[in-house]
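None of the figures in this text is laboratory data; all of them are computed from the coordinates on show. Quick caveat, the model's predicted, so the values are computed rather than measured. Virtual Cβ from ideal backbone geometry, glycine too; neighbours counted across all protein chains shown.
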Amino acid sequence: MFHLDPLRIQEHFHGHLGWLAAIALVHPAIVLRDTRRRADWAVGLSVGVGTVAAALGALMYESYRETLRQPIFAAEPTIGYLFERKEHLAFGAVLLSWLGGIAYAGAQSAGVGVRESLRKAAHRAFIGAAALAIATAVLGTIVAAYRTF
């Protein structure tokens, strides 16, 4: 008989949303190269999708720790450490995306002299966020291919 496990569904949704967030974060990293270009939707949606993906991961963490962490580390410590690095990289991606979003939003009402600096900071933050999110998605896929709920 077919059984739908809510945790497994959440895990798959988290993984797919994580890849979508990684792809979405590339968009403002590209469009903000031009400091005069408006990218309200690109910035807002990429920060939002990344934040939701991270929140889903945080909601699953307790179940992961109770169910999967010890068996993964016992059988294949390298995979366990990849998961631990994935968490750190994900935190960095979310942090940088929020910093980029804040810098971008601040540039909207900043004076002419500060606006360009904030836009450049936003651009650099989104480059970093995109790189970390892609690395996070790759590591998450490796771990999920090894062991899942």
- In segment 1-93, with Lys and Arg counted as +1 and Asp and Glu as -1 at Cβ, which of these residues, ALA53, PRO6, VAL31, has the Cα nearest the positive end of the dipole, that is, farthest along it? VAL31
- Task: Provide GLU11, GLU116, GLU62 in ascending order of the number of other Cβ atoms located within 10 Å of each residue's Cβ, fewest first.
- Result: GLU62, GLU116, GLU11
- In degrees from 0 to 90, rounded to the nearest 10, what is the angle of the helix 40-64 Cα long axis to the longest principal axis of the chain? 20
- Task: Can you tell me the 0 to 90 degree angle between the C-alpha axis of helix 77-109 and the longest principal axis of the chain, rounded to 10?
- Result: 20
- Task: Would you calculate, for the chain, the mean residue ellipticity at 222 nm contributed by helices, counting each DSSP H stretch of 4 or more residues as -39,500 (n - 2.57) and dividing by all residues, to the nearest 500?
- Result: -29500 deg cm²/dmol
- Using the Kirkwood formula over every pair of different C-alpha atoms, what hydrodynamic radius in Å results for segment 6-146? 15.6
- On a 0 to 90° scale, report how tilted helix 6-31 is relative to the longest principal axis of the chain, with both axes built from alpha carbons and the result rounded to the nearest 10. 20
- Query: Over what distance in Å are the Cα centres of segment 22-67 and segment 68-139 separated?
  - Reply: 8
- Message: Could you list TRP19, TRP41 so that the one with the fewest beta carbons within 10 Å of its beta carbon is first and the one with the most is last?
- Response: TRP41, TRP19
- Message: Could you work out how much longer the chain between PHE91 and ARG38 gets when fully extended? Use 0.36 nm per residue separation minus the Cα distance between them, nm to one decimal.
- Response: 16.4 nm
